Structure formats: C-alpha cells, structure tokens
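Asker: My questions will all concern the structure given below.
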Amino acid sequence: NGFDQGWNVEWMLDLGGGSGAYCINAVRTFDGLEAIVFDLPAVTEVAREFIAENGVSDRVDTVAGDFTSDPLPRDCDVVLMASNLPMYNEETIGLLVRKAFEALEPAGEMHLIGEMLSADGVGPLDAALWGLQEVLRNSEGKAHTVDQVRGYFIAAGFETVEDRDFVPGVLRRVCGVKPR
C-alpha cells in the first residue's frame with residue numbers, strides 16, 4: 001500500500017471514525033499526514049476532545065455527517081472504514097465503497113477493516129457472531145465474506161484489491177487502489 005511504498009500520503013478520511021484513534025495514531029506515525037474523522041454529530045464532538053487531548057488538533061479535523069447519505073470530503077489519498085462492516089447490508093457497503101472511490105484522488109487507497117467471514121461462510125467465530133447479532137436485532141446488517149468485500153471493491157473500480165489479516169482470527173483488511 002501507499003504507506004509502505006513511501007508515496008506522498010497527505011489526506012486520510014476515516015469513515016465512522018469514532019474517537020479518532022486511527023487518525024490520531026496515523027498522523028503521529030506519518031509526517032505530513034492530515035486526517036478527517038467523518039462521523040455522526042454527537043460522535044464528532046467526543047472525537048474532538050480526544051483529538052485535543054492527544055495534541056493533534058492541528059492535523060486531525062472532524063466532519064459531522066452520516067456517511068450512508070451525506071457527501072464525503074473529497075481529494076483524499078486514503079479512505080479508511082474500520083469496525084463497522086457488519087452493521088450494514090450489501091447495498092450499503094457497496095454504496096460506501098463507491099462513495100469512497102469517488103472521494104479518492106487517482107492512486108488513492110481504500111482500506112476496509114472488519115469482521116469478515118471466510119469464503120465458505122463458516123467462520124471465524126467473531127464474524128459469525130456479529131452476523132448473528134445483526135439478525136437477532138433485526139437490523140439491516142449482516143456478516144460479509146472476504147470475497148463479497150473484495151467484490152464491492154472490484155465493482156467500484158478499484159485495482160490491486162488485496163485482503164489480509166489485521167487482527168488474526170478477528171479482523172480482516174481489504175484494500176484497493178484507485179486507478180491513476
């Protein structure tokens with residue numbers, strides 16, 4: 001990915017970024033990186049407190065909105081969506097990946113981190129339990145397989161779509177690159 005290859009990553013957008021932890025750690029790790037936490041209004045209020053407590057208010061901003069319905073900030077080098085995959089169905093995740101693709105600069109990357117079922121849909125346990133919880137709550141969410149998530153990226157137009165463990169046995173990361 002671009003971070004590993006040393007290309008000039010300037011803007012990161014974290015969809016549903018919660019407390020801002022990913023953005024805070026990213027700007028501390030990568031010189032010159034600035035980031036945006038995009039989340040619901042009440043969440044961004046709390047995120048601003050964490051961002052200030054961590055001394056990175058000059059490099060991490062917040063934008064209040066609903067990423068399923070509001071436009072996303074544009075011209076990003078990296079879009080991250082972490083730990084909210086099972087809360088949404090195929091149509092919503094497909095839409096979010098397409099919106100991220102449009103928000104990215106050419107050669108930009110999207111990284112989707114979440115609980116994903118293996119190709120056979122049997123496990124791992126965390127992903128299966130998340131999917132079961134969504135069914136029991138009668139929500140629109142579901143357990144997605146790694147192959148489904150890769151398919152959302154390919155359908156949106158991403159190239160070099162890869163997946164790998166993020167937290168082995170718990171979280172997978174699928175990433176793709178927008179063509180130049």
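Asker: If only one of F38, F50 is aromatic (F, W, Y), open to solvent by less than 70 Å² (accessible area, probe 1.4 Å) and modelled with pLDDT of 95 or more, which one is it?
Answerer: After ruling out the rest, the residue left standing is F38.
Asker: Suppose we filter segment 34-63 for residues that are assigned to a loop (DSSP other than H, G, I, E, B) and farther than 22 Å from L96 by Cβ; how many remain?
Answerer: Count: 6.
Asker: Test Y22 against the stated conditions and say whether it is in contact (Cβ under 8 Å) with a residue 60 or more places away in the chain and of a type in the set (S, T, Y).
Answerer: Judged against the criteria, Y22 is a match.
Asker: Related question: If you go through segment 110-123, how many residues are closer than 15 Å to I154 by Cα and surrounded by fewer than 24 Cβ atoms within 10 Å (Cβ to Cβ)?
Answerer: Within segment 110-123, residues that are closer than 15 Å to I154 by Cα and surrounded by fewer than 24 Cβ atoms within 10 Å (Cβ to Cβ) number 1.
Asker: Among the residues of segment 108-125, write down those that are modelled with pLDDT under 95 and under 26 Å from W11 (Cα atoms).
Answerer: G114, E115
Asker: Looking at (1) out of contact with any strand residue (DSSP E or B) (no Cβ under 8 Å at 6 or more places or on another chain); (2) closer than 13 Å to G16 by Cα; (3) not basic (K, R), find the lone condition where E53 falls short.
Answerer: (2)
Asker: Which members of segment 134-162 meet the condition of being open to solvent by less than 80 Å² (accessible area, probe 1.4 Å) and either at pLDDT below 80 or assigned to a loop (DSSP other than H, G, I, E, B) (or both)?
Answerer: E134, S139, G141, K142, A143, G157, F158
Asker: Looking for something within 19 Å of the chain's Cα centre (by Cα) and polar (S, T, N, Q) - is there at least one such residue anywhere in segment 39-49?
Answerer: yes
Asker: Scanning segment 64-95 for residues that are assigned to a strand (DSSP E or B) and crowded, with 17+ Cβ neighbours inside 10 Å, which turns out nearest to the chain's Cα centre (by Cα)?
Answerer: By that ranking, first place goes to M81.
Asker: Against the condition over 17 Å from G17 (Cβ atoms) and open to solvent by 60 Å² or more (accessible area, probe 1.4 Å), how does D61 come out, does it pass?
Answerer: Spelling it out, it is not the case that D61 is over 17 Å from G17 (Cβ atoms) and open to solvent by 60 Å² or more (accessible area, probe 1.4 Å).
Asker: Suppose we keep only residues that are basic (K, R) and not in a loop (DSSP other than H, G, I, E, B) within segment 163-180. Which one would you say is least open to solvent (accessible area, probe 1.4 Å)?
Answerer: R173
The values are calculated or read from the model by the stated rules, or taken from the named source; none is laboratory data. Being a predicted model, the structure only gives us computed values, none of them experimental. Backbone-built Cβ (ideal geometry, glycine too); neighbour counts: all protein chains shown. These accessible areas exclude ligands, DNA and RNA; they are computed on the full protein's heavy atoms, side chains included. Shrake-Rupley method; radii C 1.70, N 1.55, O 1.52, S 1.80 Å.
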